[in-house]
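One structure is given here, and the rest of the page talks about it.
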Amino acid sequence: MSVTPARSRQLSLFGVEARPPTPMDLEGLLAGAGEVGRMGGTAKVSIEVEDAWRAGVLRTECEQRGLVVSCEPTGVEDRWTVRTAYAALLAPLAARWLDGTAKVSPRDLVLDGRRLRLWVAAAGAWDGQRAYLLRLAPSRPYLPDDEDVAAFEEGVTEIAEISEEPGGPPAQEPDTPDEELIEDVPEAPPGKPKKKATPLISTFDPGPVDLGEEIEDWIDDNRDGWPDSGVGDLPTVDLDPLAEPAAESADVPDETDNKDENAIDRQVADNWVVVGDALAAAGLIAVFVGPKAGGPAYRIVGLRRVTRLAELVGEPPAGAPQASWPR
């Protein structure tokens, strides 16, 4: 009588077993709706989640990384704010993700199993039987609260004082925006200074996708035939006219008040594109879901891709409903 050996699950080079947890894994929260703030040489991460079990899982995950965490109800039914204390361990995270007080996704973002596990715990959910949603940050930019602004100003003052001391490090020039990211913004007329404005996007495409050999490996021979599994017919990007500066007089209405409430801030959209590229690099080609369609989120479509996500993030943590975890 022969006994068939049990099938062992293959370890992924990007899965949760590949390396120990570190504070930098909280990039998985920032890829979604998480926010980061800094004060001097320390930083904190916060995120709002929908269910108590998510808050509990994130608290456990953060504590495993040596962070002090608080979970507080927001006042809205079953919504919680998970917030770490300011810690030097998170300072490198803030250095990568903040430009001033604005959240900017780093171009070299990598989403491995541990980062994806935190994103799934914070904002992952099934969308039908064959698709899994990973929710993103809102379409409008995050406005830091008074505490974050005061902390940032304190950190800037501290750096300036150190730079002015004899023998101290020279003050660094502020980072300039990447010219490639604003190539669609028209030049100001000769002789006139450029107006500082925030371009808005009313429809959004996660960017051009190379339908070459790399994607062929995922969707050609083994494609599951699910209607939304393609990525070639996504809407194009349409830039709205530049938003005018706020009106100086209270009697003059601000033209931006008439904008579509679902209009997308340019920097937020750029962050989404970077996150979508990182998902694709992990073998998780995803379809972008815009705000008007119930997003913003990335939809991972097809059992084959969802199974890969499940392999990367590992087994459900204690307290997580089986029905909410990718499998």
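The values are calculated or read from the model by the stated rules, or taken from the named source; none is laboratory data. Since the structure is predicted, the reported quantities are computational estimates derived from the model, not experimental observations. We place every Cβ from the backbone using ideal geometry, glycine too, and count neighbours over all the protein chains shown.
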Exercise. Out of all the residues in segment 57-95, which are more than 16 Å from Leu30 (Cβ to Cβ) and assigned to a helix (DSSP H, G or I)?
Worked result: Val57, Arg59, Thr60, Glu63, Gln64, Ala88
Exercise. With Cys71, Cys62 as the choices, which residue is in contact with a Gly (Cβ under 8 Å, 6 or more places away or on another chain) and of a type outside the set (S, T, N, Q)?
Worked result: Cys71
Seminar exercise, completed: Among residues of segment 117-132 being of a type in the set (A, V, I, L, M, F, W, C) and surrounded by fewer than 20 Cβ atoms within 10 Å (Cβ to Cβ), the residue nearest to Pro21 (Cα to Cα) is Ala125
Exercise. Does any residue in segment 101-123 that is more than 27 Å from Gly56 (Cβ to Cβ) come within less than 7 Å, Cβ to Cβ, of a residue that is at pLDDT below 95 and not in a helix (DSSP H, G or I) six or more places away or on a different chain, and which pairs are these?
Worked result: Thr101/Pro144; Ala102/Pro141
For this session: Find the residue count for segment 293-312, including only residues that are part of a strand (DSSP E or B) and among the hydroxyl-bearing types (Ser, Thr, Tyr).
Result: 1
Problem set entry | Among (1) hydrophobic (A, V, I, L, M, F, W, C); (2) surrounded by fewer than 16 Cβ atoms within 10 Å (Cβ to Cβ); (3) touching a Gly at 6+ places or on another chain (Cβ under 7 Å), the one test that Ala85 misses | (3)
Exercise. Got at least one residue in segment 96-112 being surrounded by 23 or more Cβ atoms within 10 Å (Cβ to Cβ), aliphatic (A, V, I, L, M) and not in a loop (DSSP other than H, G, I, E, B)?
Worked result: no
Exercise. Could you say whether any residue in segment 49-62 is buried (at least 21 other Cβ atoms within 10 Å of the Cβ), of a type in the set (A, V, I, L, M, F, W, C) and under 16 Å from Ser105 (Cα atoms)?
Worked result: no
Exercise. When you look at Gly124, is it under 17 Å from Trp80 (Cα atoms) and touching a Ser or Thr at 6+ places or on another chain (Cβ under 8 Å), yes or no?
Worked result: yes
